[in-house]
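The values are calculated or read from the model by the stated rules, or taken from the named source; none is laboratory data. This structure is a prediction, so every number in the text was calculated from the model and none was measured. Cβ sites come from the backbone with ideal geometry, for glycine too, and all protein chains shown count toward neighbours. We work out accessible area using only protein heavy atoms, side chains counted, and drop any ligands, DNA or RNA first. Shrake-Rupley method; radii C 1.70, N 1.55, O 1.52, S 1.80 Å.
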Amino acid sequence: MIAINYQRKELSSKLLKIGVLLLALGFIIALLGYVIDHERAAFNGIILLMFVMSVGLGSLFLIGLEYLVGADWSVPFRRIMEILAIVVFAIPVFSLPLFANLHTLFHWTHIEDVMKDPILRNKMPYLNEMFFSIRSTAAFVLMFIFWWLLAGRSFGQDSTPTKNFRKITVRISALFMPIFAIVLTFMAVDWLMSLEPHWFSTIFGVYYFAGTFSVALAVVTLFAIYLNENGYLGEGIEGDHYYNFGALLFAFTNFWAYIAFSQFLLIWYANLPEETFWYLHRWEGSWAVISVGIIIIHFIVPYAVLLPQPAKSDPKRLKFIAWWLVFAHFYDLYWLVIPTYSHSGAVFGWMELYPVLIALGTILILFYFFAKNKNLLPIGDPKLPKGINFHL
Amino acid sequence: MENKIIYGVTGIFDTPDEIISAVKQVKSSGFERFDVHTPYPIHGMPKAMKLGTSPLGYFALVFGLTGAFAAFALMTYLMGYNYPLIISGKPFIPIPAFIPVTFEVTVLLASVGTVLAMLFLLFKFPNNSHPLHDTNYMKKVSSNKFGICIEAKDEKFSKMEVIEFLKKIGAKDIEVIYYDNDALNFKINIFEWKFVAFLVVSALVVSGATYIVLNKLMFAPPFNWMMGQHRIDAQVESKFFGKDNFSMRVAPAGTVARNTNQFKFSGQPELAEAKLINPLIPTEENLRKGMKKYDIYCSPCHGYHGIGDARLNGQFPNPPSLHSEKVRNWGDGHIFYVITEGQNSMPSYSSQLTNEEKWAIVLYVRALQRAMNAKEEDLK
């Protein structure tokens, strides 16, 4: 076995400073927003919630995936995902202002309207405030439980490795996968799809998942490259690991396009008025520009940048495209949420900045504090040397 | 043999780690033309050999783009211009429906093109011989050893030095490989009769077996019982009605349409013209009805506009124009008379059209006439 040369290095407080700055700025804007136009602020709150959920839940998913498929290459970065997964605890916090504004956000909470509308009346057993809150709470609790099972348990392994740790965690991951799929689908349906309660699309959960995976991976890629370049990951990690990040990002860029197009093609072809109106809303006025933009931003640009082989292992281009995918996910959520707020055309102002600022600030701050006094490599994992010496 | 030229020097190693470190030493000693042969892919080998990126990626790009544009252009031309068809209410050029096909053709052309480019351009396909074939070295590296071959083409190559060098870095079974030009340029003759015969026989066997399986063993009669009814098809000879062998029967003389009485003015067109007046007024509804019936019963001969330019033109005595001075000056009753009784080679329509339908047609014929001979004030 190859010995690992790792000396813990505390994260620079620059990270914290940037995080606090972003969060404070975002917080002020959000506060102003809720005072001036609480409706618009609340809709932006959904973007914030769903972005943070993508990163947190997505990190848990990446951990589970690593255990399940027995991946070697990502072992040196698992700690990053484990630390990043802490943001699942921010999700309920961000959902609080939304719960306070359910009436502004969701048409189906207006009982008088629902009783007049046969479609909504029939959906009432599912779409009612009580069951909605239960579902979200259950989802949050499940996220916490699996945070502990998949991420939290791992930190102690550095000093006192336990027997069968991997074997048990593999089983937990297997259990986690279906639960993850269900939780994520319910959250996507509840918080995003039910904004237009007449609409339904069975592929919608997968659509949100495709964005979740690529943004979680992009954030992990960013952390991995920055930490690695600044010497936080021991002796450093070579190009072949980067290549895997690039290849996966590329794959999931395509996956997102495939799912997004499948959803569109079926609805377009069947041409049923109860399905098409959702796209028609996104084709009204300036929304058409945003809708075309999503093809370019979420698919064509990352596809073109990641297509050449060298791009996938070049940290410069990877950093660029990872940032780009973070932006693309915000854009995607904006496109999913805001048309319900503003039917006639796209709106963008200072208030739309707060989800971005708060989300990035929160991630940085939580990462900083949670990474304190922790090894950034899972040095107790017997697979680590194999992971570090990974070659394609 | 005299004809022998030196190809290179080979050496054998036992483990993947040894070969990796050997490759690194070969590389750092400045050799450029060498190759490594291993029974399975070794992780990190491309890096140790410092191989650049393969040009195949560009082939894939070019072929893929060709596929994408070709597929898209073909569909656009066919669906939009060559044979425009509306499918499930979509526009003639339904771009979203093109995307799956475009994607598939892109992938198809990129993959097939890349493989062919690899075979023909990089492997120089029809030529399949290589100096290392049938050597002891090849036997070993294709079972459980790892070999390296430094080629004579290398600028730094000199036989003795390379042998010494390989020894120094720990290679075993060092061999010098020779080849002769004839062997290298030997091309297999793909038209050799045994090979061609084999192809023909296997094609016959496969297609014969397929034929027997599909048409004999798995044969199920097609669902054609609806075609095999005991009825007489239109326009077909039939012995059933002994006399004339026509399957289509002519209505007996004096047949009238349902709810219609016998025509009172048979053989008296002038009287009909004087006595009969059109009971219908030219409402849109009546005109539409007239148009419908006219298009069904009259247009095959007289044409949609009554000019006589119809689809039967030339196969039947050409009917006169309905816009002639004569017909325009006829009273409505006369046209009604012609429809009911027929005129010379024009048959009677009394068995097909009710009186009301005939009057509607008359209205429509009047409208056609007026449209063709519009007066100044009609345009206002």
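Condition check ((1) of a type outside the set (A, V, I, L, M); (2) more than 17 Å from the chain's Cα centre (by Cα); (3) under 26 Å from A:LYS17 (Cα atoms)) across all residues:
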| site | (1), (2), (3) |
| --- | --- |
| A:PRO273 | yes, yes, no |
| A:VAL301 | no, yes, no |
| A:PHE320 | yes, yes, yes |
| A:LEU333 | no, no, no |
| A:SER344 | yes, yes, no |
| A:MET351 | no, yes, yes |
| A:ALA371 | no, yes, yes |
Filter result for B:PRO126 (within 14 Å of chain A (Cβ to nearest Cβ), surrounded by fewer than 18 Cβ atoms within 10 Å (Cβ to Cβ) and not small (Gly, Ala, Ser)): no
Tell me which of these A:LEU377 doesn't satisfy, since it passes every other one: (1) open to solvent by less than 20 Å² (accessible area, probe 1.4 Å); (2) closer than 15 Å to A:PHE43 by Cβ; (3) in a loop (DSSP other than H, G, I, E, B). (2)
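Can you find a residue in the range B:166-177 that is loosely packed, with under 11 Cβ neighbours inside 10 Å, assigned by TED's automatic domain parsing to the domain that holds B:ILE6 and either under 22 Å from B:PHE13 (Cβ atoms) or in contact with a Pro (Cβ under 6 Å, 6 or more places away or on another chain) (or both)? Walk me through how you get there before you give the answer.
Let us first name the residues in the range B:166-177 that are loosely packed, with under 11 Cβ neighbours inside 10 Å, namely B:168.
Among the residues that remain, those that are also assigned by TED's automatic domain parsing to the domain that holds B:ILE6 are: B:168.
Keeping just the survivors that are either under 22 Å from B:PHE13 (Cβ atoms) or in contact with a Pro (Cβ under 6 Å, 6 or more places away or on another chain) (or both) gives B:168.
There is at least one residue in the range B:166-177 that is loosely packed, with under 11 Cβ neighbours inside 10 Å, assigned by TED's automatic domain parsing to the domain that holds B:ILE6 and either under 22 Å from B:PHE13 (Cβ atoms) or in contact with a Pro (Cβ under 6 Å, 6 or more places away or on another chain) (or both).
If a residue must be in contact with a helix residue (DSSP H, G or I) (Cβ under 6 Å, 6 or more places away or on another chain) and surrounded by fewer than 20 Cβ atoms within 10 Å (Cβ to Cβ), how many such residues does the range A:30-52 contain? It would help to see each step written out before you state the result.
Kept after step one, since they are in contact with a helix residue (DSSP H, G or I) (Cβ under 6 Å, 6 or more places away or on another chain), are these residues of the range A:30-52: A:30, A:33-34, A:39-52.
Going one step further and asking which of them are surrounded by fewer than 20 Cβ atoms within 10 Å (Cβ to Cβ), we end up with A:39-40.
Number satisfying all stated conditions: 2.
For the range B:243-260, what are the residues that are of a type in the set (S, T, N, Q) and without any contact (Cβ under 8 Å) to a residue 24 or more places away in the chain? Reasoning before the result, please.
So the first thing to find is which residues in the range B:243-260 are of a type in the set (S, T, N, Q), and the list is B:245, B:247, B:255, B:259-260.
Within the range B:243-260, B:ASN245, B:SER247 meet the criteria.
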Report, by residue number, each residue of the range B:53-82 that is away from chain A (no Cβ under 14 Å), β-branched (Val, Ile, Thr) and open to solvent by 60 Å² or more (accessible area, probe 1.4 Å). B:THR66
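Any chance you could count how many residues in the range A:233-261 are in a helix (DSSP H, G or I) and open to solvent by 30 Å² or more (accessible area, probe 1.4 Å)?
Taking the range A:233-261 and keeping what is in a helix (DSSP H, G or I), we get A:239-261.
Filter again for open to solvent by 30 Å² or more (accessible area, probe 1.4 Å), leaving A:243, A:247-248, A:250-252, A:254-255, A:258, A:261.
Adding up the residues that qualify gives 10.
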Search the range B:86-103 for residues being assigned to a loop (DSSP other than H, G, I, E, B) and farther than 15 Å from A:ALA270 by Cα, and hand back the single one that is nearest to the other protein chains (Cβ to nearest Cβ). B:ILE93
Selection status of B:THR106, touching a Gly at 6+ places or on another chain (Cβ under 9 Å), polar (S, T, N, Q) and not in a helix (DSSP H, G or I): no
Taking the range B:14-52 and keeping only residues that are in a helix (DSSP H, G or I), away from chain A (no Cβ under 11 Å) and touching a Leu at 6+ places or on another chain (Cβ under 8 Å), one is left with none
Within the range B:360-378, how many residues are farther than 19 Å from B:THR283 by Cα and assigned to a helix (DSSP H, G or I)? 3
Report those helices (runs of 4 or more DSSP H) wholly inside the range B:152-237 carrying at least 1 residues which are closer than 30 Å to B:ALA22 by Cβ. B:159-168, B:181-185
Apart from one, (1) touching a His at 6+ places or on another chain (Cβ under 8 Å); (2) surrounded by fewer than 15 Cβ atoms within 10 Å (Cβ to Cβ) all hold for A:ASN5; the odd one out is (1)
Only one of B:ALA367, B:ALA374 is open to solvent by 20 Å² or more (accessible area, probe 1.4 Å), of a type in the set (Gly, Ala, Ser) and at pLDDT below 90; which? B:ALA374
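From A:ILE300, A:ILE338, A:ILE363, which residue is out of contact with any Gly (no Cβ under 6 Å at 6 or more places or on another chain) and within 14 Å of chain B (Cβ to nearest Cβ)? Full working, then the answer.
Numbers: A:ILE338 fails: within 14 Å of chain B (Cβ to nearest Cβ); A:ILE363 fails: within 14 Å of chain B (Cβ to nearest Cβ).
Result: A:ILE300 is the single residue among A:ILE300, A:ILE338, A:ILE363 that is out of contact with any Gly (no Cβ under 6 Å at 6 or more places or on another chain) and within 14 Å of chain B (Cβ to nearest Cβ).
Please tell me if B:SER143 is closer than 25 Å to B:ILE5 by Cβ, part of a loop (DSSP other than H, G, I, E, B) and small (Gly, Ala, Ser).
For B:SER143, the condition - closer than 25 Å to B:ILE5 by Cβ, part of a loop (DSSP other than H, G, I, E, B) and small (Gly, Ala, Ser) - is not met.
Every residue in the range A:342-355 that is surrounded by fewer than 21 Cβ atoms within 10 Å (Cβ to Cβ) and under 15 Å from A:LEU49 (Cβ atoms), please. Step through it out loud before you land on a result.
So the first thing to find is which residues in the range A:342-355 are surrounded by fewer than 21 Cβ atoms within 10 Å (Cβ to Cβ), and the list is A:342-353.
Selection gives A:GLU352 alone.
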Is there any pair with a first residue in the range A:234-256 that is farther than 21 Å from A:GLY58 by Cβ and within 14 Å of chain B (Cβ to nearest Cβ) and a second that is among the aromatic types (Phe, Trp, Tyr) and outside any helix (DSSP H, G or I) whose Cβ atoms are under 7 Å apart and which are 6 or more apart or on different chains, and what are they? A:ASP240/A:PHE390
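State whether the residues of the range A:208-227 include one that is within 14 Å of chain B (Cβ to nearest Cβ) and in a helix (DSSP H, G or I).
Within the range A:208-227, the subset within 14 Å of chain B (Cβ to nearest Cβ) is none.
No: the range A:208-227 contains no residue that is within 14 Å of chain B (Cβ to nearest Cβ) and in a helix (DSSP H, G or I).
Every residue, every condition in (1) aliphatic (A, V, I, L, M); (2) farther than 16 Å from A:LEU357 by Cα, yes or no:
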site: A:GLY26; (1), (2): no, no
site: A:GLY33; (1), (2): no, no
site: A:ILE36; (1), (2): yes, yes
site: A:ALA41; (1), (2): yes, no
site: A:VAL52; (1), (2): yes, no
site: A:LEU57; (1), (2): yes, yes
site: A:LEU65; (1), (2): yes, yes
site: A:VAL69; (1), (2): yes, yes
